[in-house]
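Asks: The structure under discussion is supplied below as C-alpha cells; questions concerning it will follow.
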C-alpha cells in the first residue's frame, strides 16, 4: 500500500533504527516458551525438585527392573529383616556386596538378626531375578541383585529390610511408587479435562453458567473429605478387583482436585478477557475458537501445568491417606498407602522402624512436586523479572 | 473565570515550635544571589549518591553519582523518564530502597538550620537507627504516586495519623486527634472529624492523595519528598493537588523535592530543576533558565518534542530517536549519545562527561560545554 | 437529541455517525450475582466523524471515552443507539444492529490501537504472527504474500523487517506501539480507533508515535478516532474534539475553539487545569472544586452542576441537550449563551 514510504521524505530522526535493539542478545530472540524455561532453570530449588520428580517417574517405568526381589514373595523365615545397606567397598577394593544376616530366635521366640560382615553376599549388576514384563518384553534382568534365582533366605538381599510377611520392602516400594503415582496421573488427567472445560466455560461465558459452576464448586469444597471418603469407600463392594478399586479411588480423589483447576482456569479466563491483546483479536475479526485456543489457552497453559503439579501432590497424599485408613486400595495392591497401613501398629513400628520408609518417599515426592509447581508458576509470569 | 481558593489561615495550635521563622529562611534562600548553590545554603544536599541493585543478572547502577541541592522553602523538581533513577534517588534519601538495592556511595547532607551550617550526613545513620526513624516522617516526609501504599487498609485514617504523631511528637491522645482533624480540614477534606474514623478505602483517589499529604504534613516536616504524586490523577485533580502542595509550602515554609516525568508540572511548581537520564544528572539549574535556555541536548530535545497547549493543531514536533536503554545495557561514554543530535564520535562514546557549571546558575554534563 | 451531522461546514461526508449511543454496565452483588444497579458509562451521546479527520474524545477517567470507542468497534455491546458507518461501497450500515458474525467483514474497515504497549501484544506470538493475524482471519493472501505484507508494514512503521520472528518482549514500549499500529494497518482499514495510544509511553518516545500516526494519516487517508486524557496531545493531533463528562458530551469544537473560547464551564476548567508549558505563564490556577460524579449514581439534571460555579436551579433538574449555540458550536449547557468563559 505505501510503496513510497521508504523512499519518501523521512521527516525526522526516528528512521534511525533504535540503537538498543540492534545487538542480538540471546534473550531477545527467545520465544515465550524458551523464556519460561530460561527463568525456570535459574530457580535452583525448583530445578532440584524437578530432577527428583523425574527420578520418581523413572521408578514408575522401571519399577520391576529396579526391584531386587519379587515384591509379592512371602517368606516367613525372613520376617522383619532389618535393612542391609549396600556396600560398595571392601576395605579399599571396590566390591559391591551386603553383609550376611544370621537369623535366630531369642528367649521370647522373636526373630533376631546378627550382621556378619565376614560373610559377604556378592551383589551383581544386571543380575538375573524374577521375570517381569516391560514394554511388552519378558525380562529377568534387574539393575542389581543376587545372580542365583533360587537363592535361599540366608543369601537373599533386603536393602531396606522386610515386613511381617518377609516381603522385600525396597522392591515393594518400587512397585508402590508406580501405583501411587499412576493414581495421581490418572486423577490429574480426569481433573484436567473436567476442571479446564468447566473453568473455561465458566470464565468465558460468565452469567448463569458461571454462577451455577462456581456455586457447585463452593458446595463441593465445603464437604468434609474424610466422612465423604468413608461413605464412598463403604459403597465399593469388597470383592472388587484391584483394577476396579484403583479406578474408583482415582475418581474419588479427582472429585476434589478438579475444583482447584477449574478455579485457576476461570480466573485466568476472566483476567484474559480484559487483556488488550484479546480485544485486539476480536477487533481483528477472529472467531471465538481462535480467540480461546490461539490466544487465551496458550497464555496460561503454564499456569495449568503448575496447578496440575500441585494437585498431583494433593492426590498422592489423598491416596496415601485413604489406603492408610483402609478405605482406598486394599492388599494385595501395593501403594504407599497400603505399605504404611502395615505400619499402623505402634509395636510394629518400634520393632521394625524401617516400615516407615514409604512415608519418607511421600514427603520427598510431595515437597518436590510443590517446589516444582511454584517454580513453574514463577517462571510463567511473562513480565516477571 | 478565576475563583479564589479558600485558604485556611488560622494559626495551627500544635505542639510544634519553630526556632526560625519563615522570613529568616527566605533570606537564606535568596542570599545565594543567583550563584550556584553551595552545600552550606541547602537544607538537603546530595553528593555523589550511588545506589545499585544486585540482581541475578548483574549489578544495575540505578543511581550513579547524583548531585543536587534543595534550598530551604523552595521546590526542586527532579525530572526524567523511566529508568532514570529519580524515584530511587528519593528513596535513597530516606534509606527506604528495597532489596536487592543498596546505597553504595555518597553523602546526603541534611542541614535543618542553614544559617548555622551544621549539617549531618544522613547516610552515616543506619537505615533502622532511631535517628533515621526520627527523620523519616518527622523531619523529611514522603508522598507517593499510589496513595494506598502509604496506608494500611486495616486501620482507620485516624489510627494511622495518630501512630505517626505518637512517633514524632509528645502530644496527648486528644491533641493528636485534634491535630489530625485540623490537617484533614487543611488539605480540603470535607467532614474531617467523621473522616478520622473511616478506613482508607472509603476515600476517593483525589481524597486519598489529600489524606496522604495530611499525614506527611502533620509532623511539620522541613522537607517533603513528592514522588510523582499527580501522575495517576486526572488534570483537574492534579491541579487541585499542585495547588494544595504550593499552599502547604507557603504556610509551613518547607522545601519540596518534587519527582515527576512531566515537564508541564515542573514548569508549574518547581523553582529549580534537575534532569536525570539513566542514573545521572545531565543538567541542573533554576526553572526559568531551564525553560528559556536548556543546555543539554537531552533537555533541549525533551522540551521541543512535548506538545503543549501552545502547539498548533496538526503541527509536527521533532522527536528524539530511539528509546531509553535498559539500565543494564547502559551505553559506553555519555549514556545519551546514541540518541543525541549533537553526538561527537570519538568523544561522547568514549568518556563520561562531568557535571560542571556553564554559567552562574546552570550546571550541565555534556562534552559540548567542556573546556569552557 | 440528534445532532445534524451531515451538514458540516467543509462539506466532507461523515464516515461514522454515532446517534444516541448508550452503554450501561450492570452492577452485580451477592451470592446469586443479582443486578443491583447500572453504571451509566456512556449515556446517550451523538457525534460524527468525517472522512480523513482526527476526532478526539477527551475527558477524565470514568467519563466513558474509552467505552465509547470500544462500543463503536463492538468490543463492547452497546446498550442502545445507532452507529452508522459509511462503507467503501457507499452504503450506510448501522453497526449496532449487526450480530458479531455479521460484523466480521466490517472489521476490515475499522481497526484499533491500544494504550498499553505491553498487554496489547500476545506475548506468546512473534511479530509476524501478531501483525498477520487480521490478514489470516480474513483469509487474505497466501502465507508468503502475508509475509511480504508484514515486512512492508514493518517498514511503514519504521521497524526493520528482520525483526519479524522476534517476540514482543524484545522490543521497547515505543517499538511495541508501532507494532500495534502495523497490526491495525494490515487490512487497510479506513477508520482507526486509537485508545490512549501514547499514554503508556515515555515522553521522549511519544512524539515518534504521534508523528508516525500523522504521517500515516496523510499517506493513507486514514480517519482517526483518538481517545486521550492528555489535552496537549489532543490539541496537537485533532481536527475536532469531543469533551465528555460522566458519560455525556459537554462540548464539541475545534481544538482552538475549545482552548481559546470554551463554551461549557467544564471545558474551561479542564483547559485551565492543563499545566502551562513555561514557568512565566504560571497564573492563579482555576481549581475545580469537588470530585467527578460517580457514573453508578450520578447527580440529577446536568451532571456537572454540583461543581459548576454557574449552576442554576434549572441545571439541577433538567438535563441540558447538546445543541448548536449562536455561533454554530455544539454545547450542552443551559447557560452557554449567557456566560463568558476564558482560559487563563
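Asks: Round to a whole angstrom and tell me the spacing of the C-alpha centers of the stretch C:136-200 and the stretch A:88-116.
Replies: Value for the Cα centre distance between the two parts: 75 Å.
Asks: Efficiency by 1/(1 + (r/R0)^6): what FRET value for residue A:225 and residue A:292, r their Cβ-Cβ distance, R0 = 25 Å, to the nearest 0.05?
Replies: Numbers: r = 33 Å, r/R0 = 1.30.
FRET efficiency, residue A:225 to residue A:292: 0.15.
Asks: Still on this structure, I have one more. At what distance in angstrom do the alpha carbon centres of the stretch B:216-278 and the stretch A:285-344 lie from each other?
Replies: Taking the Cα centre of each part, the stretch B:216-278 and the stretch A:285-344 sit 54 Å apart.
Asks: Relative to the longest principal Cα axis of chain B, at what angle does helix B:157-168 sit, 0 to 90 degrees, rounded to 10?
Replies: In chain B, helix B:157-168 runs at an angle near 80 degrees to the longest axis.
Asks: Taking square-rooted eigenvalues a ≥ b ≥ c of the alpha carbon gyration tensor, is the stretch C:234-305 rounded, prolate or oblate, where a/c under 1.5 means rounded and, failing that, a/b exceeding b/c means prolate?
Replies: oblate
Asks: While we're looking at this one, here's another question. Can you compute the modelled spin-label distance between residue A:134 and residue B:133, with each label point 7 Å from Cα toward Cβ, in nm?
Replies: 6.4
Asks: Here's something else I'd like to know. Please state the shape class of the stretch C:279-344: rounded when a/c is under 1.5, otherwise prolate if a/b exceeds b/c and oblate if not, all from the C-alpha gyration tensor.
Replies: Judged from the Cα gyration tensor, the stretch C:279-344 comes out oblate (a/c at least 1.5, b/c at or above a/b).
Asks: According to a simple spin-label model (label point 7 Å from Cα along Cα-to-Cβ), what is the distance in nm between residue C:102 and residue C:27?
Replies: Using points 7 Å along Cα→Cβ, the separation is 3.4 nm.
Asks: Hey, another quick one. When a/c reaches 1.5 or more, the comparison of a/b and b/c decides; with that in mind, is the stretch C:101-199 rounded, prolate or oblate per its Cα gyration tensor?
Replies: Oblate, since a/c reaches 1.5 and b/c is not below a/b.
Asks: Mind checking the mean number of beta-carbon atoms from other chains within 10 Å of the Cβ atoms in C:209-216?
Replies: Per-residue shielding by partner chains comes out at 4.
Asks: What is the order of C:326, B:86, fewest Cβ neighbours within 10 Å to most?
Replies: Taking fewest neighbouring Cβ atoms as first place, the list is C:326, B:86.
Asks: Given 0.36 nm per residue, what is the gain on full extension from residue A:41 to residue A:247 after removing their alpha carbon distance, in nm?
Replies: Working: separation 206, 0.36 × 206 = 74.16 nm, distance 3.57 nm.
Value of the extension gain: 70.6 nm.
Asks: Sum -39500 (n - 2.57) across every DSSP H segment of at least 4 residues in the protein assembly as shown, then divide by the residue count to get the 222 nm mean residue ellipticity, nearest 500.
Replies: -11500 deg cm²/dmol
Asks: So what's the angle, to the nearest 10 degrees on a 0 to 90 scale, between helix B:235-252 and the longest Cα principal axis of chain B?
Replies: Rounded to the nearest ten degrees, it is 70.
Asks: Order these by the 10 Å Cβ neighbour count, fewest first: B:141, B:319.
Replies: On the way: B:141 27, B:319 24.
The fewest-first ordering by Cβ neighbours comes to B:319, B:141.
Asks: Apply 1/(1 + (r/R0)^6) to the Cβ-Cβ distance of residue B:166 and residue A:31, taking R0 = 56 Å, and write down the FRET efficiency to the nearest 0.05.
Replies: 0.55
Asks: How tilted is helix A:297-324 with respect to the longest principal axis of chain A? Cα atoms for both, answer in degrees (0 to 90, nearest 10).
Replies: Rounded to the nearest ten degrees, it is 20.
Asks: Additional query: Just to be sure I understand the model, the point goes 7 Å from the Cα along the line to the Cβ. What's the resulting residue A:360 to residue B:357 distance in nm?
Replies: Distance between label points: 7.6 nm.
Asks: A follow-up question, please. Under 14 Å from a point 7 Å along the Cα-to-Cβ line of residue C:35: which residues of the stretch C:65-103 have their amide N that close?
Replies: Counting backbone N atoms under 14 Å from the label point, the list is C:77-80.
Asks: Also, quick follow-up: Can you sort C:226, A:246, B:68 from fewest to most other Cβ atoms within 10 Å of each residue's own Cβ?
Replies: A:246, B:68, C:226
Asks: Okay, moving on. Give the calculated FRET efficiency between residue C:87 and residue C:338 to the nearest 0.05, with a Förster radius of 45 Å applied to their Cβ-Cβ distance.
Replies: 0.55
Quick note: the coordinates plus some simple rules give every number you see, no bench work behind them. Since we're looking at a predicted model, the values are computed, not measured. All Cβ positions, even for glycine, are placed from backbone atoms using ideal geometry, and neighbour counts span all protein chains on display.
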